[in-house]
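Undergrad: Pasting a structure below so you can have a look.
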Amino acid sequence: MDISNESRLELKAAVTRAQQKLGDEFPLQARIEGAQPTLQAAYAGILGHWVREAAPPAAGIAPQAVLDALSAMDAIVSDEQGIGCYPFSARKTEIRVHFSGRNVHAMCAIDALAIPRMVRHASRITARCVVCRCHLTCAVAANGSVEKENQNPEAARVVWEPGAGGGQACCIRLCAGIGFVCRHCTVSPDALTFSLPQAAAVGNAFFAFQRRLLEQYPT
Ligand SMILES: [Zn+2]
């Protein structure tokens, strides 16, 4: 099926609106780019650890005061399971990304779709439909584009249910509402839904600053 120019523009507008909404509700890039160089360097160190190996240990990767400051910015999520760093979750979630013999948990569906480009490996995402709990998979290329087999309009989608709001960490407030839904299930009319390529475009744009940061602070 060929998509008309008009619907292409509509798709693009929906992606742009979602990027703005995500940036407004969770201004991670602005917080990191506005932070002191010490915090930026520690953040890049934690992120780089995730990209190269796995979750950094809960202690030792940076002084506690620095970790506390990054936690207060909601840039990292630190607990006994290690240090989570969006898009990577140290806590187990229902959304996993498999690549290059590794297996990581993502904070949410949009985050999962951003991981392949971040780690520069072709990946397979596995998750469950948030409604009926059936198993879903999605293949993503190393450049972050969703593989053809998952681009079909009949494929699974990403749903963004409006969160409860409040001052909690993004991983609770927003991420809990951003999941995958299978092609058979319907979601509430208040929810935003995106095709997998749209959601990947949103995620890749949201996290693009991280790659620049890793180049700025090589480890
Ligand atoms: Zn379902």
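Undergrad: Do you know which residues across the range 179-193 are under 15 Å from GLY203 (Cβ atoms) and among the charged types (D, E, K, R)?
TA: Of everything in the range 179-193, nothing turns out to be under 15 Å from GLY203 (Cβ atoms) and among the charged types (D, E, K, R).
Undergrad: Looking at the range 97-130, which of its residues are small (Gly, Ala, Ser), farther than 24 Å from GLU215 by Cα and in a strand (DSSP E or B)?
TA: Once the filter is applied, which keeps residues that are small (Gly, Ala, Ser), farther than 24 Å from GLU215 by Cα and in a strand (DSSP E or B), the range 97-130 yields only ALA127.
Undergrad: Shifting gears a bit: What are the residue pairs meeting all of these: first residue in the range 151-175, first residue farther than 15 Å from ALA200 by Cβ, second residue surrounded by 12 or more Cβ atoms within 10 Å (Cβ to Cβ) and modelled with pLDDT under 70, Cβ atoms under 8 Å, and 6 or more apart or on different chains?
TA: Listed by first residue and then by second, the contacts come to ARG173/GLY163; LEU174/GLY163.
Undergrad: Could you please let me know if HIS184 is part of a loop (DSSP other than H, G, I, E, B) and under 19 Å from LEU47 (Cβ atoms)?
TA: Answer is no for this residue.
Undergrad: How many residues does the range 167-189 hold that are surrounded by 21 or more Cβ atoms within 10 Å (Cβ to Cβ) and within 14 Å of the ligand (Cβ to nearest atom)?
TA: Count: 3.
Undergrad: Cβ-Cβ under 7 Å, sequence separation 6+ or interchain: first residue in the range 114-132 and closer than 17 Å to ALA199 by Cα and of a type in the set (D, E, K, R), partner in a strand (DSSP E or B) and more than 16 Å from the ligand (Cβ to nearest atom). Which pairs?
TA: Here the result reads ARG124/HIS98; ARG124/ALA139, each pair linking the range 114-132 to a residue that is in a strand (DSSP E or B) and more than 16 Å from the ligand (Cβ to nearest atom).
Undergrad: Just one of the numbered conditions (1) at pLDDT 95 or above; (2) within 16 Å of the chain's Cα centre (by Cα) is not true of CYS132; which one?
TA: (2)
Undergrad: Go through the range 187-210 residue by residue and tally those that are within 23 Å of ALA42 (Cα to Cα) and either assigned to a strand (DSSP E or B) or in contact with a helix residue (DSSP H, G or I) (Cβ under 7 Å, 6 or more places away or on another chain) (or both).
TA: 7
Undergrad: If you check ALA75 against the conditions, is it modelled with pLDDT of 95 or more, within 19 Å of GLU215 (Cα to Cα), small (Gly, Ala, Ser) and crowded, with 20+ Cβ neighbours inside 10 Å?
TA: For ALA75, the condition - modelled with pLDDT of 95 or more, within 19 Å of GLU215 (Cα to Cα), small (Gly, Ala, Ser) and crowded, with 20+ Cβ neighbours inside 10 Å - is met.
Undergrad: Collect the residues in the range 108-151 that are of a type in the set (S, T, N, Q), surrounded by fewer than 18 Cβ atoms within 10 Å (Cβ to Cβ) and either at positive phi or within 16 Å of the ligand (Cβ to nearest atom) (or both), keeping them in residue-number order.
TA: Those that are of a type in the set (S, T, N, Q), surrounded by fewer than 18 Cβ atoms within 10 Å (Cβ to Cβ) and either at positive phi or within 16 Å of the ligand (Cβ to nearest atom) (or both): THR126, THR137.
Undergrad: To continue, here is another question. Taking the condition of being more than 19 Å from ILE178 (Cα to Cα) and either loosely packed, with under 15 Cβ neighbours inside 10 Å or basic (Lys, Arg) (or both), how many residues in the range 12-35 meet it?
TA: 6
Undergrad: Only helices (runs of 4 or more DSSP H) wholly contained in the range 11-90 count here; list those with 3 or more residues that are aliphatic (A, V, I, L, M), out of contact with any Ser or Thr (no Cβ under 7 Å at 6 or more places or on another chain) and in contact (Cβ under 8 Å) with a residue 40 or more places away in the chain.
TA: Passing ranges, in order: 37-52.
The values are calculated or read from the model by the stated rules, or taken from the named source; none is laboratory data. Source: prediction; values computed, not measured. A quick note on method: Cβ atoms are made from the backbone with ideal geometry, for glycine too, and the neighbour counts reach across all protein chains shown.
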